[in-house]
Amino acid sequence: MTNISYDIENIRKQFPVLHQQVNNRQLVYLDNAATTQKPLSVIEALDIFYKTTNANIHRGAHYLANKATVQFEGTREKIRSFINAKETAEIIFTSGTTDSINLVAQTWGRKNITTGDEILLSMMEHHSNIVPWQMLAEEKGAVIKVIPVTESGEWQIDAIDSLLNERTKLVAVNHVSNSLGTINPIKMLIDKAHSYGAKVLIDAAQSVSHFATDVQELDCDFMCFSGHKIYGPTGTGVLYGKYDLLEAMPPWRGGGEMISSVSFEKTTYNSLPHKFEAGTPHIAGVIALSSAIDFMNEFQWDDLIDHEKNILAYATSKISHIEGLRIFGTSTEKTGVISFDVEGIHPYDIGTLLDKQGIAVRTGHHCTEPLWSYYGVTGSVRASFAIYTTTEEIDLFVDALHKSISMLR
Ligand code: 7TS
């Protein structure tokens, strides 16, 4: 990555959506764990694609088709380099993390999981890393096991050894929790799981935009993320898989592009990665995702991490003394997420009053219902930060929070 200094004003200039009033107040966007805003370069890449290039890929021999194909495949190489995969064939484009996980469950899972096999998840998984495995387990008679969490929102490390055994076929966990921000010690789990012969899928939806990911160093078998959480377009996502695993997996969706030849007697399938990319993908989105990766590559990870740590520490110190306020997720290893509730007040009411003051947060269960059951609540208010969040915005948020609480008490 080339070094540019962390110039927050310049960064914010690149995000037009931030510069608007909402409910007659300056917008303060603190819902970045749900989706990040898009820099001009990404918005323009979509615009330019439709204005100058629009054509279907891998099909026509004409100029525009070739141009679109080169750009689309160029993104694949950019993603390979971004996560340090060995080969571009290991990068499958999907519509997002949810789609990637379902792909693995429906292909690798249906082929390799049988009765009595165990799938290990954690208590802090997003529903999209729970439900596809439950559906598979139900079909195959497999068993779901769960790594419990501690009060501070970290894995109960000493429970892990007793949960892994030779029946464990898959471990599927997030790198960072969307509800708590906890950065999980996945390398340790990957190594332990491998010692039992289990495969490991990492849900990196909440980590790829926060710190460097190196799939070869991690040695994970599968990894997935969504373009829209890394400043790219919605409807784009990535599944990384080790080549040999992907090669041995049957295709999932049938259709154009994923075949080598079709006859009514016998159809043969395309090589990787196309075997898993049936139909016309989100071509414009994938090409614009390349601009999102370029945007990320302009920074030094250390600068991004420092900025986020500073914002998190500042916000945490400003709200933690509020009477009756409880923060969920207090690990020392966490990204810029603060989930909280206030005694006697429903999170939704706080969220609604914050919105009236221009502050966008998320309230509810954030698709992690089992986690909230563990805490004995139905959900939280969640403020989540990004590359463009400023301390001035945190001040506006904290003032608005004080006002909201005093109105609701
Ligand atoms: N896994 C994690 C850890 C997530 O945070 C999310 C989305 C997903 C999977 C699903 O991603 P998708 O792009 O396929 O929808 N998380 C959130 C959130 O926290 N608020 O809105 C979406």
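A few points about this structure:
- Unique residue being of a type outside the set (Asp, Glu) and within 16 Å of the ligand (Cβ to nearest atom) when the list is Thr280, Thr234: Thr234
- Cβ-Cβ contacts under 6 Å between residues 6 or more apart (or on different chains), taken from a first residue in segment 85-96 that is assigned by TED's automatic domain parsing to the domain that holds His282 and closer than 13 Å to Ile283 by Cα to a second residue that is of a type in the set (Ser, Thr, Tyr) and outside any strand (DSSP E or B), are listed as Thr94/Ser100.
- Which listed residue, of Ile202, Ile147, is among the β-branched types (Val, Ile, Thr) and surrounded by fewer than 23 Cβ atoms within 10 Å (Cβ to Cβ): Ile147
- Pairs linking a residue in segment 40-53 that is farther than 14 Å from Ala292 by Cβ to a residue that is in a helix (DSSP H, G or I) and polar (S, T, N, Q), with Cβ atoms under 9 Å and 6 or more positions apart or on different chains, are Thr53/Gln71.
- Test: Val208 is of a type in the set (Val, Ile, Thr) and over 30 Å from Ile387 (Cα atoms): no
- Matching option when the condition is acidic (Asp, Glu) and in the same structural domain as Asn102 (by TED's automatic domain parsing), among Glu308, Glu257: Glu257
- Failed condition for Gly336, given (1) out of contact with any Ser or Thr (no Cβ under 7 Å at 6 or more places or on another chain); (2) in contact (Cβ under 8 Å) with a residue 60 or more places away in the chain: (1)
- Of all residues in segment 1-56, those satisfying the criterion of being small (Gly, Ala, Ser) and farther than 18 Å from Ile283 by Cβ are Ser5, Ala33, Ala34.
- When Asp191, Asp221, Asp158, Asp214 are checked against the criterion of being away from the ligand (no atom under 16 Å from the Cβ) and crowded, with 24+ Cβ neighbours inside 10 Å, Asp221 stands alone in meeting it.
- The set of residues from segment 376-389 being buried (at least 18 other Cβ atoms within 10 Å of the Cβ) and either of a type in the set (Val, Ile, Thr) or out of contact with any strand residue (DSSP E or B) (no Cβ under 6 Å at 6 or more places or on another chain) (or both) comprises Val381, Phe385, Ala386, Ile387, Tyr388, Thr389.
- Residue in segment 130-138 that is touching a residue at least 40 places away in the same chain (Cβ under 8 Å) and in the same structural domain as Val173 (by TED's automatic domain parsing) present: yes
- Some residue of segment 57-73 being within 14 Å of the ligand (Cβ to nearest atom), in the same structural domain as Ile183 (by TED's automatic domain parsing), part of a helix (DSSP H, G or I) and of a type outside the set (Lys, Arg): no
- Scanning segment 329-346 turns up at least one residue that is closer than 29 Å to Lys38 by Cβ, among the hydroxyl-bearing types (Ser, Thr, Tyr), in contact with a Gly (Cβ under 8 Å, 6 or more places away or on another chain) and crowded, with 22+ Cβ neighbours inside 10 Å.
The values are calculated or read from the model by the stated rules, or taken from the named source; none is laboratory data. Note that the coordinates shown come from a computational prediction; the quantities given were computed from them, not determined experimentally. Neighbour counts are summed over all protein chains in view; Cβ atoms, including those assigned to glycine, are modelled from backbone coordinates with ideal geometry.
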